[in-house]
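*Asks:* Can you keep this structure in mind? I'll have questions shortly.
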Amino acid sequence: METEAPTTMAANAGPAISALVLILFATAAWQAWQFWRHRRIEVTTLLWQLPFVGLLGFIIYWTGQGFVEDWTADTGNASAMVGLAWTAGICGLVPLLRGPVARLIDVTKVPMRLLATTLRDAVCILVAATLSFRALEMAWNSNVDLLPWSSVAFSVALITAFMAVAYFAFLRRGAGPALVAVVCTVVDVAQHFILEFKGTAILPSDLLALGTAAAVSAGYKCILVPTCLDALGLLCIALAVLSLVRPVKLPMTGVAEGDPSQKDSSTPDASRPPLRMTHRAITPEAFLSLVSRRRWNIVAAAISVVLAIACGNGIQGWFASNQVADALEISFDNWQPINTYTSRGWIPSFSIMVQNLAIPKPNDYTTESAQAAEEELAARYDSARGASAERAAAAAQFDAEKPTVIAIMNETFADLSIFNGLNTGYTGPTYYNNFAGALQRGSLAVSVLGGGTCNTEFEFLTGNSLGFIGGNKYPYTLYDFSNVASLPQQFKELGYTTTAMHPQNPVNWNRSTVYQAMGFDEFLSDADFSGQEGAWGLHSGLSDASTYDRIIQMLNENAEPQFIFDVTIQNHGGYDAIDIPEDYLVPGATDALAEDAALQTRATEYLGLINASDQALESFLTQLTQLDRKVAVVFFGDHQPGFTGAINDMIFPGEDELTHNTRLYETTYFMWTNYEVAGTDIDGVVDGIDGTAADEAAADDTTWTTAGASTLAAQLLDRIGAPLTLYQRAQLGATQEVTAVSLNGYLGADGTWYELDNTESLYATTVDKWRRVQYLEFAERVS
């Protein structure tokens, strides 16, 4: 086998080797002929051939490493390999025509020469831009031929614009646009491998984490498939076309146009030896010509730079005044961005995400003022709750015992009894609303409705509110979290094992990348739950109960302190068919919605799912009380189902907009421990209230308060005595006046909701300080 390897490599690389030999032989023959005709050997021509020689050399090497699909055994692969090799070989000879093509233009009069050069360059750039667009989609997008014309036109136009900038920046030479073409092809091949290895699109956040990407890519085997070779072939054609682009040559001063005594630098001159200039050529006329030409070159260079800046400003101005999503009527799939990439093209999709990157900077912001605000807000906490005996006792207990912490973000879990009991007396999930022993519970202000789970995750895990970042943003898909403080990283520094679990595709919302950057040691996704003993599905996927079983298993197998973040999937929409066991349904709860049959069907199924979650939660907490280890739990819903807007309009017509909308962005939460937290009288009771004195006492000790998803983690850590960061202390200090912040506004200590831009409320100053602190802790870290 060892003796056959070189032969196999040579056979596979045969077309590329032949094309390389063709370029080298033809170039040597051409230059010999030029020398024989006393024409100058242009270095730029040789430089233009280097990309083709380098590409063929790379293909030969990569094939030898076994990283190109074996084309000898497949007709499709064979056509791709042979096509690339001979495309590169033939295109590698095109730069030899640079001189002849230029001379055809240089013999014309100046006005025609300028027009012809401009037309030639414009056509070459437009052709190269079109080829580059195709190359950008070729390797990874099987829908490239189905892209709408608007996406194609926008992509070609933007590539052309960038090539124009590069053209002028490189003083009207083809090398600038060539770099743009190379970038398009590199992105195409990179997107192919990222899609193959991770199933995701290239996001702006990936460009902020290139170092990490390079570090983890060593374990992958990057095999070039036929579509990759096709893309490289298109690049070769684009480079060949651009090799013909070169600056216009003007006549020398003092010599009449068309004067046969005027000689091109590449034309033999009988009055002097070829390839040399003697002292007799340095005449006053020649000197004046040299000065004039240098002056022209300076002026031309200055004009080119100005035009490059103008083109760049034009691109920036268009993006500043237009939203790509609106201009092209694109509804972006933030859940799985790759869907939009494949259906609308790479450039429009990536442009939309780039436009969503910007985070509004507070007025008159400085890092120093933000740091001062953070210290001031933290001092509020330190002088109040932070200085209390209860907090000191809880902190000492936590430091000594390190309880396991479980955070459960239950998919679409909400208490719809807030809609006036649905006008039927519905009281919400029975066990959830009646068990005693919670440390703290209440309503949770979230920033999403009917979807956007990742944004509630983001707020909880990082402590940053979407209210200070902006709407229509999904941070998981926009930013690099490597330098962002997060809850898993915080627990990891305390010696905890950190695990995230979500029984779905790990690339949804870019979780696989974000969780790793946040510091989770392990991410259990759909594949990790397959084959789990006793696991069962309900409605949209794995049941809540099955994820809780996995948590119990993890606790039994590892006695060390753990932080577990469970994102369930059971209750995910839609709810158009009753596909759950009848035992879970809540009879009569949706009768008042009968006038809208579709709405009633959705509400009926949803309430049945909430009932199933309620039962699973009761079983889970009961099991935790039986463990011989200390466990703290925070449970919360990520958002309401999308249909609650119709219920809200039906039951609460005529309300003011802020009150009406705020109700839709409210879920529920609780914090609970299976042990008595020092400084409290709550001992982890989980039985429903049955009228006993112990149950009533436990219920009375529970703290009821509305919280924001962005401060929920800080409040949990405070209640169980865990160490707090400066940022978390500042958040808790701010909540003394501003109870919760979300994308929809903020809740003041007076119980009133205010719009985020309300500068007249009693709490506007605190909100402004909070906004500055978050910009310091998040925006500055991802910019």
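*Asks:* Please give the length that would be gained between D382 and T706 if that part of the chain were fully extended, namely 0.36 nm times their separation in residues minus their C-alpha to C-alpha distance (nm, one decimal). Don't skip to the answer; put the middle values down first.
*Replies:* Working: separation 324, 0.36 × 324 = 116.64 nm, distance 2.14 nm.
Net length gain for the segment: 114.5 nm.
*Asks:* Moving to a separate point now. Mark the label point 7 Å from the Cα of A301 along Cα→Cβ and return the residues of segment 140-166 whose backbone N is within less than 20 Å of it.
*Replies:* Label zone hits: 165-166.
*Asks:* Would segment 344-501 count as rounded, prolate or oblate if I go by the C-alpha gyration tensor, calling it rounded below 1.5 in a/c and otherwise prolate when a/b exceeds b/c, oblate otherwise?
*Replies:* Details: a/c = 1.66, a/b = 1.10, b/c = 1.50.
Note, shape of segment 344-501 comes out oblate.
*Asks:* Separate question: Rounded to the nearest percent, how much of the accessible area of segment 52-148 (1.4 Å probe, protein heavy atoms only) is carbon and sulfur?
*Replies:* Solvent-exposed carbon and sulfur of segment 52-148 make up 71 percent of the total.
*Asks:* Using the heavy atoms of the protein chains alone and a 1.4 angstrom probe, what is the accessible area of the chain per residue in square angstrom?
*Replies:* On the way: 33860 Å² over 783 residues.
I get 43 Å² per residue for the chain.
*Asks:* In debye to the nearest 20, how big a dipole does the chain give about its Cα centre with +1 on each Lys and Arg Cβ and -1 on each Asp and Glu Cβ?
*Replies:* It works out to roughly 7140 debye.
*Asks:* Next question. Based on DSSP H runs of at least 4 residues, each adding -39500 (n - 2.57), what is the mean residue ellipticity at 222 nm of the chain after dividing by all its residues, to the nearest 500 deg cm²/dmol?
*Replies:* Dividing the helical sum by the residues of the chain leaves -16500 deg cm²/dmol.
*Asks:* Here is a follow-up. Where both residues lie in the chain, what percent of DSSP beta bridges are antiparallel, nearest 5? Intermediate values should be presented prior to the final figure.
*Replies:* Working: 20 of 45 bridges.
Just about 45 percent of them are antiparallel.
*Asks:* On to the next question. What is the angle, in °, between the Cα long axis of helix 453-462 and the longest principal axis of the Cα atoms in the chain? Nearest 10 is fine, range 0 to 90.
*Replies:* 80
*Asks:* Which of the peptides 408-415, 351-358, 582-589 is most tightly packed, and how do the rest follow, judged by the mean count of other Cβ atoms within 10 Å per residue?
*Replies:* Descending packing order for the listed peptides: 408-415, 351-358, 582-589.
*Asks:* So how tilted is helix 175-198 from the main axis of the chain? Cα-based, degrees 0 to 90, rounded to 10.
*Replies:* With rounding to tens, the tilt is 40 degrees.
*Asks:* Taking the structure as given and computing percent of Cα pairs over 34 Å apart, which label from (1) 53; (2) 61; (3) 66 fits?
*Replies:* It is the value labelled (2).
*Asks:* For L119 paired with D750, estimate the spin-label separation in nm (one decimal), with each label point 7 Å from Cα along the Cα-to-Cβ line.
*Replies:* 7.4
*Asks:* Just how large is the dipole of segment 529-661 about the Cα centre, in debye to the nearest 20, putting +1 at every Lys and Arg Cβ and -1 at every Asp and Glu Cβ?
*Replies:* 500
*Asks:* Please work out the C-alpha center-to-center distance from segment 361-387 to segment 430-462 and express it in whole Å.
*Replies:* Taking the Cα centre of segment 430-462 as reference, the centre of segment 361-387 is 26 Å away.
*Asks:* So how tilted is helix 226-242 from the main axis of the chain? Cα-based, degrees 0 to 90, rounded to 10.
*Replies:* 50
*Asks:* Taking the Cα centre of segment 41-161 as origin, work out the dipole magnitude from +1 charges on Lys and Arg Cβ and -1 charges on Asp and Glu Cβ, in debye rounded to 20.
*Replies:* Computed charge dipole of segment 41-161: roughly 680 debye.
*Asks:* Roughly what would the spin-label model give for Q736 and W536, points 7 Å off Cα along C-beta, in nm?
*Replies:* Between Q736 and W536, the label points sit 5.1 nm apart.
*Asks:* For E657 and K221, what is the calculated FRET efficiency with R₀ set at 56 Å and r taken between the beta-carbons, to the nearest 0.05?
*Replies:* 0.50
*Asks:* Along the charge dipole of the chain, pointing to its positive end and built from +1/-1 on Cβ of Lys, Arg, Asp and Glu, which listed residue (V446, L146, I60) has its Cα farthest out?
*Replies:* Positive-end residue among those listed: I60.
*Asks:* Pairs of lysines 8 or more apart, or on different chains, with alpha carbons under 23 Å: count those in the chain, would you?
*Replies:* Qualifying lysine pairs in the chain: 11.
The values are calculated or read from the model by the stated rules, or taken from the named source; none is laboratory data. What you are looking at is a predicted structure, and each value in this text was computed from that prediction instead of being measured. Here the Cβ is made from the backbone with ideal geometry for all residues, glycine too, and neighbour counts use every protein chain on show. Surface areas here come from the heavy atoms of the whole protein model, side chains and all, with no ligands, DNA or RNA. Shrake-Rupley method; radii C 1.70, N 1.55, O 1.52, S 1.80 Å.
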